[in-house]
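Asks: Okay, handing you the structure first.
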Amino acid sequence: MNCNKKLKAAAACIALLVCFGVQSPAYAAAGNTAAAPWSGTDRFSLLENQVNALIESRATETYVVSIPANSALNASSSFSMSANETITIDATYSPSTAKLDVGLIASDGSFHYFTATGGRISKTIRIEDAGTYTLAFRNNASYKVTVSGSVNY
């Protein structure tokens, strides 16, 4: 079962609990006997729309790339990001002795990067300015480096 199906199934379970009037223990213990603040006829559709919007606005792409010595490589596709959204880059590379500059190329062509060492890349970047971004790697080693991982945006 992929991540989207799992999230939708979890949202459906939560929506069913809300529809059947199940209250949290803290809410009930506080002596709140009136209708729950989230009650209403469109409870499920509202929750489903919010979950679907969240799922559709995020994506995960995987990649395996080889970067020649002392050169850079850009991803083949770009993605649009809003201000304050995050992108998570998670990967491994070999040989692990290489130093890679890993980051995003913005619409204006500027390369916003961090340097990865030790064969592991794990970084979440918050986007400051809305725009179109492209994942990029720069191999600073004098030998070819293979990178395998994923990007979640």
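The values are calculated or read from the model by the stated rules, or taken from the named source; none is laboratory data. Quick caveat: nothing in here was measured; it's all calculated off a predicted structure. Neighbour counts are summed over all protein chains in view; Cβ atoms, including those assigned to glycine, are modelled from backbone coordinates with ideal geometry. Surface accessibility is based on the protein's heavy atoms, side chains included, excluding ligands, DNA and RNA. Shrake-Rupley method; radii C 1.70, N 1.55, O 1.52, S 1.80 Å.
Asks: Could you list, in sequence order, all residues of the range 59-76 that are more than 19 Å from Tyr153 (Cβ to Cβ) and either small (Gly, Ala, Ser) or in a strand (DSSP E or B) (or both)?
Replies: Keep residues of the range 59-76 that are more than 19 Å from Tyr153 (Cβ to Cβ), which gives 66-72.
Selection gives Ser66, Ile67, Ala69, Ser71, Ala72.
Asks: Would you point out the residue of the range 77-96, among those that are out of contact with any Phe, Trp or Tyr (no Cβ under 9 Å at 6 or more places or on another chain) and in a loop (DSSP other than H, G, I, E, B), that is most open to solvent (accessible area, probe 1.4 Å)?
Replies: Asn84
Asks: Residues in the range 107-121: is at least one within 18 Å of Asn84 (Cα to Cα), modelled with pLDDT under 95 and touching a Ser or Thr at 6+ places or on another chain (Cβ under 8 Å)?
Replies: Yes, the conditions are met somewhere in the range 107-121.
Asks: Mind listing just one residue for me: the one in the range 49-73 that is of a type in the set (S, T, N, Q) and modelled with pLDDT of 95 or more and, of those, farthest from the chain's Cα centre (by Cα)?
Replies: Among those residues, the one meeting the criterion is Asn70.
Asks: Out of the residues in the range 105-141 that are in a strand (DSSP E or B) and of a type in the set (Ser, Thr, Tyr), state the one that is most open to solvent (accessible area, probe 1.4 Å).
Replies: Tyr113
Asks: Give the range 105-153 a look and list any residue that's out of contact with any Phe, Trp or Tyr (no Cβ under 7 Å at 6 or more places or on another chain) and of a type in the set (Phe, Trp, Tyr), or say none.
Replies: Across the range 105-153, the qualifying residues are Phe111, Tyr113, Phe114, Phe137, Tyr143.
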